[in-house]
Amino acid sequence: MPSTSSLKLIERKIKELQTLAEKLRRNEQEGVEQLRAVIEKYKLEPAHLKMAMGGMGAQRSAHTRPHFKTAPKYRSLDNAAAVWSGRGRKPSWLVAGLKSGRTIDEFLIRDTEDETSDPSPAAK
């Protein structure tokens, strides 16, 4: 059973935490009231708030760049739907094919006109 002094210490700590929680609630409420005042003053709409929060219509940060989808360059020999653009990590089907002794050129997707022509540089 806890002693009276430790119980009083715990009760004092609870009261301090409750006081702190109430102070945080008041600050939060003041912030909400200030936000309402700004919204009314400048007649802001939800789209403006989204933009301010980095959502739709926000400018891109300097370190990001647009990502463009690239055409697939390699295709699995077993599954025609499994393709890889040649960027990023090699897919597991390609790694397994390379480990089994195949070359990466065997997985290349060739245009129909390229298949009929000689791929050697001397032919060009």
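The values are calculated or read from the model by the stated rules, or taken from the named source; none is laboratory data. Values in this document were obtained by computation on a predicted structure and should not be read as measured data. Neighbour counts are summed over all protein chains in view; Cβ atoms, including those assigned to glycine, are modelled from backbone coordinates with ideal geometry.
Within the stretch 91-107, if we keep just the residues that are part of a helix (DSSP H, G or I) and of a type outside the set (A, V, I, L, M, F, W, C), the residue that is farthest from Ala80 (Cα to Cα) turns out to be Lys99. Summed over the stretch 76-92, residues that are touching a residue at least 12 places away in the same chain (Cβ under 8 Å), in contact with a helix residue (DSSP H, G or I) (Cβ under 9 Å, 6 or more places away or on another chain), surrounded by 11 or more Cβ atoms within 10 Å (Cβ to Cβ) and not small (Gly, Ala, Ser) total 2. Cβ separations smaller than 6 Å between residues 6+ apart or across chains give no pair from the stretch 45-57 residues that are among the hydroxyl-bearing types (Ser, Thr, Tyr) to residues that are modelled with pLDDT under 85 and assigned to a helix (DSSP H, G or I).
Go through (1) surrounded by fewer than 11 Cβ atoms within 10 Å (Cβ to Cβ); (2) at pLDDT below 95; (3) under 30 Å from Asp111 (Cα atoms) for Gln29 and report which single condition fails. Every condition holds for Gln29 apart from (3). Counting only residues that are under 19 Å from Arg110 (Cβ atoms) and hydroxyl-bearing (Ser, Thr, Tyr), which one in the stretch 40-94 is modelled with the lowest pLDDT? Among those that are under 19 Å from Arg110 (Cβ atoms) and hydroxyl-bearing (Ser, Thr, Tyr), it is Thr70.
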